[in-house]
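Trainee: Have a look at this one.
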Amino acid sequence: MSKFKTLIIVVALAAIGGAAYIYLKPSGKAAGEGAFAKAGSGNGAATSNRPVSVSTIIAQKRDYDVRITANGVVSALNSVDIRPQVSSTIARVHIKEGQFVKAGDVLFTLDSRADEVNLAKAQAQLDKDLATQADYQRQLVRSKDLVSKKFVAQSAADTSQTQVDTQQAVIASDKAVVNAARVALSYNRIVAPSTGRTGIISVFPGSLVQPATATPLVTITQMDPVAISFPLPQRNLPDALESMRRSDSYVMANLPDSTIKFKGKLQFVDNAVDAASGTIKVKAVFDNKELKLWPGAYANLELSVQTLKDVVVVPQDAVIVGPRSSSVYVVDAEGKAIMKPVVVTNSFGSDAVVTGIDAGVKVVLDGKQNLRPGTTVKERNGDGKESKGDKADKGGKGAGKSDASASAVSSASSSAATVAPATVAPATSAASAASAS
């Protein structure tokens, strides 16, 4: 009985000891997390000291064109609506739609029979009056001869002279009638008044045309050169006038659906500002030999109004706009980022003219959001990748991190392996005591 009690007591003590050990010992997971936390704290310190990868660009010193943007419409310098000057019918159409014609080319021929008859009638009347004049002149000669011989009075010669003078006036009138008939006849032959491209032809052979017709026979539009008309705000009027006076000023234009640029010259500024809109109309002229600009098309324009000489130019993306001022990050000789306050005097497109930095300095373009003054930077290559040295450094740091992690895991495993036998120690002691009993 005493042996049984002793066995029970030993088993109870072993159970109490095992429970106390399990409750008080640190777990393997907690040990591993502790090791990794130490390694992580070391890596955090290394990360805080690691250089920031950025891309840089050199601040350039060059001439910069100050430009004004506007929107305009392509317009023809010369556009003529062809209408008849007499009522008649179309005898023949000599052109096709979309054809390029020169000044003087025949466009239409009208039925000219009536005008030809009128011209012949006027010419016949002129011939008749010329014959009458010849007779009057002969009578005048005879009258003067008779007066010289004192066969007739002087009044007879004066009468003959009056008849000759009157007939000369009649002949002048007849010649005017003939010229008028010729002019009327010429209206039946319609020619191009200027060079250009024909539009839609609204008549056909046999069509009756009249001077008061609302629809023109055809429209001829000059295509080269062409103009682009656009409005400018009133505040830019001095710039537009200065641009017209300068020989090196220009206007760049492009269509909204095309990247092709057209270079022209500002030619006209209107003589009054529109009080309703506060704008003034201006016009620029462009060469259009390839017929890329079409009258009526919408166009975007850039007007060069001034050229700034030897200014510092940086990309607009490099400028950090703050609530009170603007600044840029520059990289010094030691490879550290320094914030420099700048003043943006002009900007257009992707470029900005700044003061406050010197030409030739390295300005941070990408990655500036991760910078603080004094931060060490690593410049990326032109393709956006870091250099091999940077990759090697990253590889070494990655290997160190792996080694630290492996060490932490090994330490945790060793700790677990060390305490594992102690977990079964009470049971072994109990079994030995039972055997002894």
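The values are calculated or read from the model by the stated rules, or taken from the named source; none is laboratory data. A quick note: this is a predicted structure, and the numbers were derived from the prediction, not measured. Counting neighbours? That spans all protein chains shown, and the Cβs are built from the backbone with ideal geometry, glycine included. Note: areas computed on protein heavy atoms with side chains; ligands, DNA, RNA excluded. Shrake-Rupley method; radii C 1.70, N 1.55, O 1.52, S 1.80 Å.
Trainee: Tally the residues that are over 15 Å from Thr198 (Cβ atoms) and either open to solvent by 40 Å² or more (accessible area, probe 1.4 Å) or in a loop (DSSP other than H, G, I, E, B) (or both), restricting the search to segment 82-93.
Mentor: 7
Trainee: Still on this structure, please answer the following. If you take the residues of segment 67-79 that are open to solvent by less than 40 Å² (accessible area, probe 1.4 Å) and of a type in the set (Val, Ile, Thr), which of them is nearest to Gln267 (Cα to Cα)?
Mentor: Initially, segment 67-79 is screened for residues open to solvent by less than 40 Å² (accessible area, probe 1.4 Å), giving 68, 70, 72, 74-76.
Filter once more, so that each one left must be of a type in the set (Val, Ile, Thr): 68, 74.
Details: Ile68: 16, Val74: 14 Å.
Within segment 67-79, the match that is nearest to Gln267 (Cα to Cα) is Val74.
Trainee: I want to confirm something. Restricting to segment 67-81 and keeping residues that are among the aliphatic types (A, V, I, L, M) and either in contact with a helix residue (DSSP H, G or I) (Cβ under 8 Å, 6 or more places away or on another chain) or outside any strand (DSSP E or B) (or both), which single residue is modelled with the lowest pLDDT? Before you say what the answer is, go through the steps one by one.
Mentor: Of segment 67-81, the ones among the aliphatic types (A, V, I, L, M) are 68, 70, 73-74, 76-77, 80.
Filter once more, so that each one left must be either in contact with a helix residue (DSSP H, G or I) (Cβ under 8 Å, 6 or more places away or on another chain) or outside any strand (DSSP E or B) (or both): 68, 77.
On the way: Ile68: 86, Leu77: 93.
Per the stated criteria, the residue is Ile68.
Trainee: If we keep just the residues of segment 183-204 that are part of a loop (DSSP other than H, G, I, E, B) and more than 46 Å from the chain's Cα centre (by Cα), which is farthest from Gln267 (Cα to Cα)? Break it down stepwise before answering.
Mentor: The first filter runs over segment 183-204 and keeps only residues part of a loop (DSSP other than H, G, I, E, B), leaving 187-188, 192-195, 199-204.
Those still in the list that are more than 46 Å from the chain's Cα centre (by Cα) too: 187-188.
Numbers: Tyr187: 36, Asn188: 38 Å.
This residue is Asn188.
Trainee: Still on this structure: I'm trying to understand the selection: among the residues of segment 205-229, which are among the small types (Gly, Ala, Ser) and assigned to a strand (DSSP E or B)? Break it down into steps so the answer makes sense when it comes.
Mentor: Of the residues in segment 205-229, the ones among the small types (Gly, Ala, Ser) are 206-207, 212, 214, 227, 229.
Scanning segment 205-229 gives Ala227, Ser229.
Trainee: Please find, within segment 94-111, the residue that is nearest to the chain's Cα centre (by Cα) out of those that are surrounded by fewer than 17 Cβ atoms within 10 Å (Cβ to Cβ) and not in a loop (DSSP other than H, G, I, E, B).
Mentor: Ranking the qualifying residues of segment 94-111, first place goes to Phe100.
Trainee: Go through the residues of segment 40-59 one by one and say whether even a single one is over 30 Å from Glu334 (Cβ atoms), of a type outside the set (Lys, Arg), at pLDDT 60 or above and open to solvent by 100 Å² or more (accessible area, probe 1.4 Å).
Mentor: Looking through segment 40-59, none of the residues is over 30 Å from Glu334 (Cβ atoms), of a type outside the set (Lys, Arg), at pLDDT 60 or above and open to solvent by 100 Å² or more (accessible area, probe 1.4 Å).
Trainee: Follow-up. Out of all the residues in segment 357-379, which are farther than 13 Å from Val313 by Cβ, open to solvent by less than 70 Å² (accessible area, probe 1.4 Å) and of a type outside the set (A, V, I, L, M, F, W, C)?
Mentor: Across segment 357-379, the qualifying residues are Gly367, Lys368, Gly374, Thr375, Thr376, Glu379.
Trainee: Taking into account only those residues within segment 237-269 that are part of a loop (DSSP other than H, G, I, E, B) and open to solvent by less than 50 Å² (accessible area, probe 1.4 Å), which is nearest to Arg197 (Cα to Cα)? Give the derivation first.
Mentor: Initial filter on segment 237-269 (part of a loop (DSSP other than H, G, I, E, B)): 246-250, 255-261.
Then keep just the ones that are open to solvent by less than 50 Å² (accessible area, probe 1.4 Å); that gives 246, 249-250, 255, 258.
Numbers: Arg246: 33, Ser249: 30, Tyr250: 27, Leu255: 21, Ser258: 23 Å.
Per the stated criteria, the residue is Leu255.
Trainee: Looking only at segment 282-291, decide whether some residue is on the phi > 0 side of the Ramachandran plot, assigned to a loop (DSSP other than H, G, I, E, B) and open to solvent by 40 Å² or more (accessible area, probe 1.4 Å). Steps first, please.
Mentor: Here is the first cut: in segment 282-291, the ones on the phi > 0 side of the Ramachandran plot are 291.
Cutting the leftovers down to assigned to a loop (DSSP other than H, G, I, E, B) gives us 291.
Right, trim to open to solvent by 40 Å² or more (accessible area, probe 1.4 Å) and you get 291.
Looking through segment 282-291, at least one residue is on the phi > 0 side of the Ramachandran plot, assigned to a loop (DSSP other than H, G, I, E, B) and open to solvent by 40 Å² or more (accessible area, probe 1.4 Å).
Trainee: Being without any contact (Cβ under 8 Å) to a residue 40 or more places away in the chain, in a helix (DSSP H, G or I) and open to solvent by 40 Å² or more (accessible area, probe 1.4 Å) is true for just one of Val141, Val147. Which residue is that? Lay out the reasoning, then the answer.
Mentor: Numbers: Val147 fails: open to solvent by 40 Å² or more (accessible area, probe 1.4 Å).
Only one candidate passes the filter, namely Val141.
Trainee: When you go through Phe4, Phe36 one by one, which is the residue that is open to solvent by 80 Å² or more (accessible area, probe 1.4 Å), in a helix (DSSP H, G or I) and modelled with pLDDT under 60?
Mentor: On the way: Phe4 fails: modelled with pLDDT under 60.
After applying the criteria, what remains is Phe36.
Trainee: What residue, of Ala180, Ala153, is surrounded by fewer than 14 Cβ atoms within 10 Å (Cβ to Cβ) and under 60 Å from the mean Cα position of the chain (by Cα)?
Mentor: Numbers: Ala153 fails: under 60 Å from the mean Cα position of the chain (by Cα).
Just a single option satisfies the conditions, and that option is Ala180.
Trainee: When you go through (1) surrounded by 14 or more Cβ atoms within 10 Å (Cβ to Cβ); (2) of a type in the set (A, V, I, L, M, F, W, C); (3) over 16 Å from Ala59 (Cβ atoms); (4) at pLDDT 50 or above one by one for Ala416, which number turns out not to apply?
Mentor: (4)
Trainee: Does Gln133 fit the bill of being in a helix (DSSP H, G or I) and open to solvent by 60 Å² or more (accessible area, probe 1.4 Å)? Give the derivation first.
Mentor: Details: in a helix (DSSP H, G or I): yes; open to solvent by 60 Å² or more (accessible area, probe 1.4 Å): no.
Here the answer is no, as Gln133 does not meet what is asked.
Trainee: If the requirement is being at pLDDT below 90 and surrounded by fewer than 15 Cβ atoms within 10 Å (Cβ to Cβ), which of these qualifies: Ala276, Ala214?
Mentor: Numbers: Ala276 fails: at pLDDT below 90.
Unique residue meeting the criteria: Ala214.
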